[in-house]
Amino acid sequence: MGDFATPMMQQYVNIKRQYPDCLLFFRLGDFYEMFMDDAKVASEILDITLTGRDRGQDGRIPMAGVPFHSVNSYISKLVRAGYKVAICEQVSDPSEKGLVDREVIRVVTPGTLFDEDSLDRKTNNFIVSVSIEDKFLGLALADVSTGDFFSEQFELGNLDQILADEFAKYSPSECILSYSLYGNAGILKALKAHPGLNVFPFEDYEFFSEEAERYLKTHFGVATLSSFGLDNKEHAQKAAAALLGYLKRTQKDNISHIKGIRPFRQDHYVGLDRSTILNLELFSQIRSNGRKGSLIDVLDRTITAMGGRMLKVWLLHPLTSAKEISERYDTVEIFHDSNNVREELAKLLENIADIERLLSRLSVGVGNARDLLTMKNSLDVALALKRSLAEIEVPMLKGFGKEKLLGLEKLVEKIGNVLVDDPPVDLKGGGLIRSGVDTELDSLRDRVAESKVWVAELEEREKVRTKISSLKVRFNQVFGYYIEITKSNLHLAPEDYIRKQTLVNAERYITPDLKHHEEIILTTKEKTDDLEYSAFRKLVEEVLKHTQEIQKISRYVATVDCLFSFSELARAYRYIRPQLLTTGEINIKEGRHAVVERFVDSGAFVPNDTFLNTADHQLLVLTGPNMSGKSVYIRQVALIVLMAQIGSFVPAASAKITPVDKIFVRSGASDLIASGLSTFMVEMVETANILNNATSDSLIVMDEIGRGTSTYDGISISKAIAEFLVTRKGVCPKTLFATHYHELQALAGAHPQKIRNYQVLVEESSGDPVFLHKVVPGGADHSYGIAVAKIAGIPKEVIEKASSILSQLEVRDFDTWLGLDSSKQEATQAPDNPNEHAVLNALEELDLDKVTPLEALNVLVDLKKKAKAKLD
């Protein structure tokens, strides 16, 4: 990018050099213009016209522009496409002679968007910083639109697994790295495997991270980082310092609303890995990848944006503390039992806007007077909400200081006294501040008003004086105020009129008095506009002094909203309050799947009981055909436990639950296949994570383990996994193990002190199987695979062929078992030797002292079926 002839273009080039990785929005009057390569990129993505600007002998410079009044939508589109946008504003008066001063006032990136139309109101927009050093991973997360800031460090271990788990929880839209990490192909590949994540290097990463502790202490004004849980967490500090520095650079130091760092507090929450979040469909339905059909879609009855965001946080961080869970239950119960309380809450919550994001907009300098007024009105209602709940004494919600309430009440009163009821969006055009706020402002307004009255009355006075009935007094931006007289009446124009402009059919005049009042109106209006803008800025500064109190009451409102949502759910769907145990048991009566029951006819969902413990019901082997409801059942148990531990009532007739420390759900290969791993490898990686990290307080749900490989391998692996879970010394996680491998039912006989068989009932009386969706003790003896294919609409000829092949395979299997298969002819050439007879060998190996009556019956049934098939 070379030198340019015009000062303005040279100014553009100088600023662009400072932001080479950004598209530069360069303010020119009522437009933001882009030049050269930036213009080409913008014209293609935004579908706007690519024009040109003369550059003398060098030809025309590519140029594209967007109107300033609608710039947010254009910026958002570019940022969503993965670009950064530097907003370069005019910072000196354009009416003054010479080149207008310009500077970048903010850099917009995927993780620093503020445009309300571009952000999901109930979803955080996180940006993440990653630091990897000395076998430790440091992560920092921030949502600059709300002021949330988190940091934690992990022992490196499996980097892909840690990133997968944490990114599945927070879904960051942007990630920043040091240049050294950005140059690491393996790390870059691991990060870019996450959909929707934009990864950028930050050139000053090390500048901030090397002095992380000092920098963080200075920014937050603290002597120690212990209150943030970051003492002795060097790598968490580095990631946090780099992220804070990045936000300061992009927001030009306007991040005063970020008041502290919160740890992830992993030990205080139920561990949920990526596989669990996806397979339980907490936030999106696997098949459609949409919100409909997810748990959040059913649970979210929150009214405010803040409540919606908090509910997602609660879902990702179920509590392990029985005390904290019970406190939530108590509050839900109070709301649940009182129609009057719920009606009052609904009315108040409906009138509370997104206080967190309003505060953030004001903090970074993109908020306007309407944002401030909305903030005032919402705080007023939030305070009323607090007073209302104080009257019914909700124990969980008592911890909010009265002295801070008084501070917010005074703030609300002050904003109401200063701002007009319906302020304009434009902050520099006046009309923001009430009369009586500033004596100088009132005096200047009076002068303007007097002059405007004089001008307004001038037309009638001059009509009388000149006897010209068509005389007009008008105003435009170029000439100011003037008197207009038609050509036919020019002879009546007074001598004190001064000709200003000649038109085809008229002449325009001014007078000394008119010019005098024009001067008062225009120059004084400029002063009043400046005074009003100054008063607005002071008001914003006053609001920002109360940032922590405002954030605290925002969290209070969000908490109330979530608990209100739980009470609404409980009443609408017949949810009950769980009973918390310490025995290690999970005992659910008539449990239901919270999502599936919403998609079937009322009353059609079949409820089921569940009993798990760490002793004789530690692992339940569940068998049954496809479509019978195995997957729904095992997931509903996990969902009921998870819902119970976020403080929600649950879909069941009764539920006695010992809080778990982790929930693992393994099923399917999800979208990790796209990363280059085979279905079976994904299955094994996720299973390894479970086996290595489960404790006796964990809940494990395994669905069809081993199906990604051959039948015999699958059976062998599944059996080994199940036995590992019940024989590992000192570790006995409660486990639901759904399988097609009926052979695994033998595990209950081998480990009667730990394992129980359950099956999903199927009725065959009418020919085709009828799936009853009822889970009962015992094992299934039939897969009904062909019957399911028939129900699914597979063509008749395919079904008939499959039935024929199945019969042949069953006969062949029986022949092989008897030793009559052609491949075994040599072995059967000497029938006189009983040791070579397969049947006798099998019977000889059968341990009648260990086989259960049910297993013996199953063996006889199987032999009879195969013998009949052979004879037919």
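Against the longest principal axis of the chain, how steep is helix 305-316, in degrees 0 to 90 to the nearest 10, with axes from Cα atoms? That helix lies at roughly 30 degrees to the long axis.
Put simply, the amide H of R262, placed in the peptide plane, has neighbours under 5 Å in F149, F150, S151, leaving out anything fewer than 5 places away on its chain.
Restricting attention to the chain, close to 65% of DSSP beta bridges with both partner residues there are antiparallel. Heavy-atom accessible area with a 1.4 Å probe sorts T524, T218, largest first, into T218, T524. Taking the C-alpha atoms only, the angle from helix 159-170 to the longest principal axis of the chain is near 60 degrees.
So if we plug the beta-carbon distance of A322 and F207 into 1/(1 + (r/R0)^6) with R0 = 45 Å, what FRET efficiency do we get, rounded to 0.05? Display every interim value, and only then the final one.
Working: r = 46 Å, r/R0 = 1.02.
That pair, A322 with F207, gives E of 0.45.
Counting only residues at least eight positions apart within a chain, or on another chain, the lysines with an alpha carbon under 19 Å from that of K428 are K525, K527, K538. Bridgeable lysines around K238 (alpha carbons under 23 Å apart, same-chain partners fewer than 8 residues away excluded): K135, K169, K189, K192, K217, K248, K252, K259.
For segment 190-207, the Karplus equation 6.51 cos²θ - 1.76 cosθ + 1.60, evaluated at θ = phi - 60°, returns couplings of 4, 6, 6, 6, 8, x, x, 9, 9, 10, 10, x, 10, 5, 9, 4, 5, 4 Hz by residue, with Gly and Pro reported as x. In this simple spin-label approximation, S288 and H491 carry label points 7 Å from Cα along the Cα→Cβ vector, and these lie 8.3 nm apart.
The listed residues H257, H516, H617, H740, once ranked by accessible area (1.4 Å probe) with the largest placed first, stand as H516, H740, H617, H257.
With the biggest extent put first, the Cα atoms of segment 528-572 measure 56, 20, 5 Å across the principal axes.
Computed with a 1.4 Å probe on the full set of protein chains, the accessible area for M36 sits at about 40 Å².
Sorted by packing (mean other beta-carbon atoms within 10 Å per residue), highest first, where do 133-142, 223-232 land? List each step's numbers first, then the result.
Working: 133-142: 20.4, 223-232: 13.9.
Averaged packing, sorted descending, gives the order 133-142, 223-232.
A straight Cα-to-Cα reach below 26 Å connects K656 with the lysines K312, K323, K589, K630, K734, K754, K774, residues fewer than 8 places away in its own chain not being considered.
Defining a contact as two alpha carbons under 8 Å apart and six or more residues distant in sequence, what relative contact order in percent does the chain show? Please list the in-between numbers first.
Numbers: 1433 pairs, mean separation 74.2, N = 872.
It comes to 9 percent, rounded to a whole number.
Where only DSSP H runs of four or more residues are counted, the chain gives -14000 deg cm²/dmol as its mean residue ellipticity at 222 nm, each run worth -39500 (n - 2.57).
For the chain, with every protein chain kept in place, what is the accessible area per residue (1.4 Å probe, Å²)?
Values: 41640 Å² over 872 residues.
Accessible area per residue, the chain: 48 Å².
Comparing Cα centroids, segment 605-649 and segment 158-228 end up 38 angstrom apart.
Direction-averaged projected area, Cα convex hull, segment 432-555: 10.9 nm², rounded to one decimal. Cα centroid separation, segment 440-459 to segment 278-340: 58 Å.
Please sort 88-101, 289-302 by packing, taking for each peptide the average over its residues of neighbouring beta carbons within 10 angstrom, highest first. Mind showing how you got there, number by number?
Details: 88-101: 12.0, 289-302: 17.6.
The packing order, highest mean first, is 289-302, 88-101.
Calculated on C-alpha atoms, the gyration radius of segment 147-223 divided by its Kirkwood radius gives an Rg/Rh of 0.99.
The Cα atoms of segment 251-355 define a convex hull whose projected area, averaged across directions, is 9.8 nm².
Counting only alpha carbon atoms, the long axis of helix 7-18 and the longest principal axis of the chain meet at about 30°. Just the protein heavy atoms count here, and of the accessible area of the chain at 1.4 Å, carbon and sulfur take up 51 percent.
Treating each Cα of the chain as an identical point scatterer and summing with the Debye formula, the log10 of I(q)/I(0) at q = 0.06, 0.07, 0.08 Å⁻¹ comes to -0.58, -0.73, -0.89.
For Y83, what charge total do you get from the other residues with a beta carbon under 13 Å from its beta carbon, if Lys and Arg give +1 and Asp and Glu give -1? Could the numbers behind the result be given before it?
Values: positive: K40, K77, R80, K84; negative: D21, D37, D38, E44, E174.
It works out to a net charge of -1.
The values are calculated or read from the model by the stated rules, or taken from the named source; none is laboratory data. Note that the coordinates shown come from a computational prediction; the quantities given were computed from them, not determined experimentally. We place every Cβ from the backbone using ideal geometry, glycine too, and count neighbours over all the protein chains shown. Heads up: the accessible areas ignore ligands, DNA and RNA and are worked out on the full protein's heavy atoms, side chains in. Shrake-Rupley method; radii C 1.70, N 1.55, O 1.52, S 1.80 Å.
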